[in-house]
Amino acid sequence: KPVLKGLVKIVEDNTELCRLLSNTSIAVKQLANMKNILVERTMKTIEIPGLAPNTFEMEFTVRFFMGGVVDLYVQWLNGEMDCTGDELTEELAKMIRRAFEHYL
């Protein structure tokens with residue numbers, strides 16, 4: 001959640017620049033980097049019931065969820081979601097927590 005809140009702050013402080021950059025080839029690379037950072041931090045800080053830490057299965061699961069997280073933030077940035085960045089972060093944090101609690 002702190003990483004996501006930091007991301008929202010950066011985007012909100014630089015909204016127009018982020019919107020311009022989101023439509024460039026640089027964005028694809030940066031979004032992949034962002035997803036990798038989220039995956040790394042999540043792998044280090046979250047335990048998923050039923051999954052051994054640092055296994056392929058855990059990484060696969062985390063990458064799946066973080067791909068969705070990044071996509072939702074891109075939709076929010078592009079004005080496709082009717083919520084604030086903080087509201088999106090709160091909902092995503094709740095959804096991820098629920099999903100991981102009930103994973104297995």
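For the chain, what does the relative contact order come out to in percent, with C-alpha contacts under 8 Å and a separation of six or more?
Working: 59 pairs, mean separation 39.3, N = 104.
Computed value for the chain: 38 percent relative contact order.
Under 1.5 on a/c is rounded, so check that first for segment 1-50, then, if it is not, pick prolate when a/b is larger than b/c and oblate when it is not; a ≥ b ≥ c are the square roots of the alpha carbon gyration tensor eigenvalues. Walk me through the numbers on the way to the answer.
On the way: a/c = 4.13, a/b = 1.82, b/c = 2.27.
Because a/c hits 1.5 or more and a/b fails to exceed b/c, segment 1-50 counts as oblate.
What list of ³J(HN,Hα) couplings, whole Hz, do you get for segment 64-77 from phi and the Karplus terms 6.51, -1.76, 1.60, once you set θ to phi - 60° and write x for glycine and proline?
Rounded to whole hertz, the list is 4, 5, 5, x, x, 4, 4, 4, 5, 5, 5, 4, 4, 4.
Only one of the values (i) 1.02; (ii) 0.98; (iii) 1.05 was calculated from this structure for Rg/Rh (Cα atoms, Kirkwood Rh); name its label.
It is the value labelled (ii).
Post the alpha-carbon centroid distance, segment 48-104 to segment 1-43, in whole angstrom.
Comparing the Cα centres of segment 48-104 and segment 1-43, I get a distance of 14 Å.
Kindly provide the GluC sites (Glu not before Pro) of segment 6-103 that DSSP labels as loop, not H, G, I, E or B, and whose Cβ sees at most 13 other Cβ atoms within 10 Å. Each step should come with its number before you reach the end.
Details: sites: GLU12, GLU16, GLU40, GLU47, GLU57, GLU59, GLU80, GLU87, GLU90, GLU91, GLU101; in loops: GLU47, GLU80.
Passing sites in segment 6-103 are GLU47, GLU80.
Taking the chain as the reference, fit the longest principal axis to its C-alpha atoms, fit the long axis of helix 25-45 to the helix C-alpha atoms, and give the angle between the two in degrees, 0 to 90, nearest 10.
Roughly 30 degrees, rounded to the nearest 10.
Just so you know, all these numbers are worked out from the coordinates, no wet-lab data involved. Only a predicted model underlies this, so the values are computations on that prediction, with no experimental measurement involved. Neighbour counts are summed over all protein chains in view; Cβ atoms, including those assigned to glycine, are modelled from backbone coordinates with ideal geometry.
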